[in-house]
């Protein structure tokens, strides 16, 4: 695995770990999702699958990110497909993280936690998008037909 792909995969593993850890924290602290309306603090474990938590992405998105990362670790078309999937998921994380950070204050979750998590999600996703761009550009240069 080349260095760029390795960095890309390592970053995505870090993002996945971040989402798993924040989801566990939110379930333990009873911090429901805030984006799209306040969730139920008594049902964080039930809502985490599709809605996510106050500072953790939905579990379904995290699983999709893990699968896309496995694909992105491979060269060729599978790696490209995984990278493109990660781009789409990262854009979703930016939207969700921004929604949590800039949403209405909640009595269930400290505002500072929402803002911090939103900023971390957006920054990690922007770095991911930058590395994805570099990776896709590099793979395109390798596979581009040479004029003759």
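Derivation of every value follows stated rules applied to the coordinates shown; laboratory data play no part. Being a predicted model, the structure only gives us computed values, none of them experimental. Every residue, glycine as well, gets a Cβ built from its backbone with ideal geometry; the counts of neighbours run over all protein chains shown.
Specify which labelled value, from (i) 8.8; (ii) 9.9; (iii) 10.8, agrees with mean projected area of the Cα convex hull in nm² derived from the coordinates of the model shown. Recomputing mean projected area of the Cα convex hull in nm² here gives the entry labelled (i).
Computing FRET efficiency as 1/(1 + (r/R0)^6) for residue 81 and residue 40, where r is the C-beta to C-beta distance and R0 is 41 Å, gives about 0.70. Computed over the stretch 97-139, relative contact order equals 40 percent, with contacts defined as Cα pairs under 8 Å that lie 6+ residues apart. For the chain, the longest principal axis of the alpha carbon atoms and the long axis of helix 59-72 meet at an angle near 10°.
What is the angle, in °, between the Cα long axis of helix 111-143 and the longest principal axis of the Cα atoms in the chain? Nearest 10 is fine, range 0 to 90. That helix lies at roughly 10 degrees to the long axis. Remark: 8, 35 ranked as 35, 8, counting other beta-carbon atoms within 10 Å and listing the fewest first. Helix 76-102 axis versus longest C-alpha principal axis of the chain: approximately 30°, rounded to the nearest ten. Under the criterion of Cα pairs below 8 Å and six or more residues apart, the relative contact order for the chain equals 24 percent.
Modelled label positions at residue 25 and residue 60, each set 7 Å beyond Cα in the direction of Cβ, lie 2.5 nm from each other.
Listed highest first by mean packing, meaning other Cβ atoms within 10 Å per residue, what order do 46-58, 112-124 come in? Can you show the working numbers first?
Details: 46-58: 22.5, 112-124: 17.5.
Descending packing order for the listed peptides: 46-58, 112-124.
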